[in-house]
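First comes the structure, then the notes that go with it.
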Amino acid sequence: MKKPHRFALALALTGLCAGAPAKADPIEDFYRGKSIGMVVSSATGGGYDTIARLVAKHLPKHMPGNPAVVVRNMPGAGGVIATNHLYNVASRDGLTIGQLQNTLPLEPLLDNPEAKYDSSKFGWLGSPLFETGLFITWNGTPVASIADIQKHEITVGSPGLNSTPSFNTRLLAETLGMKLRIVLGYPGQNEVFLAMERGEIDGFPAFWSSLMSTRPQWPSEGKVRMILQWGDDREPAIPQVPWANDFITDPEKMQLMKAGSAPLSVGRPFTAPPGIPADRLAALRKALSATFADPEYQAEGARLFLPVNRPRTGEQLQKIIEDVWNMPAETRARLRKLGGA
């Protein structure tokens, strides 16, 4: 008589367990049926915008609740308008994120009066890549090494005095003693490259990724010399190119190089406004990391010639930016000078 009772009891317990509601997931419940707005600090059609839209396409399947992601471009003031919006205006509920140009975390440190934000207080989410700087010269230029450029002045093309190429040119001159004279007035990288072909200027501080996406044949055809690479780490594809850190022995100059290379280290950063709930920040970071590891995302990025295979986590970005934000006062002063302040 005991066995039937035990069997009945087991069935009853099984029924209770089957009928019990699943444990609620507050993150999934919050995001289900909603949309995440992604503010992009650059105009449509560029490299930042292309990566942002690729991420927006693949992110929803990795987010709890599968919310849609809607891209909104907000260009202006070199991206400062969008960054100010994210910091001072955007909702802090986890339904707004942004993708920023990599120089924007430095703008307040360079005393840009329009930059009304503290970069260390954003909720940094991650980046699909980190950049490597690459100083190139045209093959007809009579220099072939850092040592040559430390002795003989060459010209470098740049859009404007406070542009990223001008900043990087001054960074290399200050930390490595390279004799570089900036020639202004070229609207962008493409115009600089055309000027190099015409012999108007000698060199340019490019990014490895942008050279590969616009002039991938130049190195293999011997049209340019790759003089130097710099940034957070060496580019594995060009191990033969000297790395800047190997030539810097002065600790203060090394600190300046690390601070000045922070934009390269953060790559194409995604962020959330400051103060969003910790569990939603963690969910966004986890989903973005999963997106960067998604084979479909990587394959589509490769088809678009996007460098999407060297991601940074949100925690890594947070540390890089906090380290720069807390740099010594002397380094900050030298950085401002490089920025044209």
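The values are calculated or read from the model by the stated rules, or taken from the named source; none is laboratory data. Just so you know, these numbers come straight off a predicted model, no measurement behind them. Quick reminder, even Gly has a Cβ in these numbers, built from the backbone with ideal geometry, and neighbours come from all protein chains shown.
Report, ordered by the first and then the second residue, all pairs with beta carbons closer than 8 Å, sequence separation of six or more or different chains, a first member in region 80-99 that is farther than 10 Å from Lys116 by Cα, and a second member that is surrounded by fewer than 22 Cβ atoms within 10 Å (Cβ to Cβ) and of a type in the set (S, T, N, Q).
Listed pairs, sorted by first residue: Leu86/Thr96; Ala90/Thr96; Leu95/Ser35.
Looking only at region 202-234, which residues are part of a loop (DSSP other than H, G, I, E, B) and without any contact (Cβ under 8 Å) to a residue 60 or more places away in the chain?
Correct list: Arg215, Pro216.
Counting only residues that are crowded, with 17+ Cβ neighbours inside 10 Å and basic (Lys, Arg), which one in region 165-216 is farthest from Leu306 (Cα to Cα)?
Only one residue fits best here, namely Arg170.
Looking only at region 275-289, which residues are part of a loop (DSSP other than H, G, I, E, B) and surrounded by fewer than 18 Cβ atoms within 10 Å (Cβ to Cβ)?
Result: Gly275, Pro277.
Looking only at region 133-164, which residues are in a loop (DSSP other than H, G, I, E, B), of a type outside the set (S, T, N, Q), in contact (Cβ under 8 Å) with a residue 40 or more places away in the chain and surrounded by fewer than 20 Cβ atoms within 10 Å (Cβ to Cβ)?
Scanning region 133-164 gives Gly140, Ala144, Leu161.
What's the total number of residues in region 113-132 that are buried (at least 22 other Cβ atoms within 10 Å of the Cβ) and closer than 16 Å to Gly339 by Cβ?
Number satisfying all stated conditions: 2.
Select from region 180-201 the residues that are at pLDDT 95 or above and either basic (Lys, Arg) or assigned to a strand (DSSP E or B) (or both) and list them in ascending order.
Listed by number, the residues that qualify are Leu180, Arg181, Ile182, Val183, Arg198.
Would you please list the contacts, defined by Cβ atoms under 6 Å and residues six or more apart or on different chains, that run from a residue in region 66-78 that is part of a loop (DSSP other than H, G, I, E, B) to a residue that is of a type in the set (Val, Ile, Thr) and surrounded by 17 or more Cβ atoms within 10 Å (Cβ to Cβ)?
Taking only residues 6 or more apart or on different chains, the pairs are Pro67/Ile36; Met74/Val39.
Taking Leu106 as meeting all but one of (1) out of contact with any Asp or Glu (no Cβ under 8 Å at 6 or more places or on another chain); (2) buried (at least 20 other Cβ atoms within 10 Å of the Cβ); (3) modelled with pLDDT of 95 or more, write down the number of the exception.
If we test Leu106 against (1) out of contact with any Asp or Glu (no Cβ under 8 Å at 6 or more places or on another chain); (2) buried (at least 20 other Cβ atoms within 10 Å of the Cβ); (3) modelled with pLDDT of 95 or more, just (3) comes out false.
For the condition in the same structural domain as Thr103 (by TED's automatic domain parsing), of a type outside the set (A, V, I, L, M) and closer than 25 Å to Arg234 by Cα, what is the one hit in Thr249, Thr271, Thr313?
Unique residue meeting the criteria: Thr313.
How many residues are surrounded by fewer than 17 Cβ atoms within 10 Å (Cβ to Cβ) and touching a helix residue (DSSP H, G or I) at 6+ places or on another chain (Cβ under 8 Å) if we restrict to region 251-272?
Residues flagged as surrounded by fewer than 17 Cβ atoms within 10 Å (Cβ to Cβ) and touching a helix residue (DSSP H, G or I) at 6+ places or on another chain (Cβ under 8 Å) within region 251-272 amount to 2.
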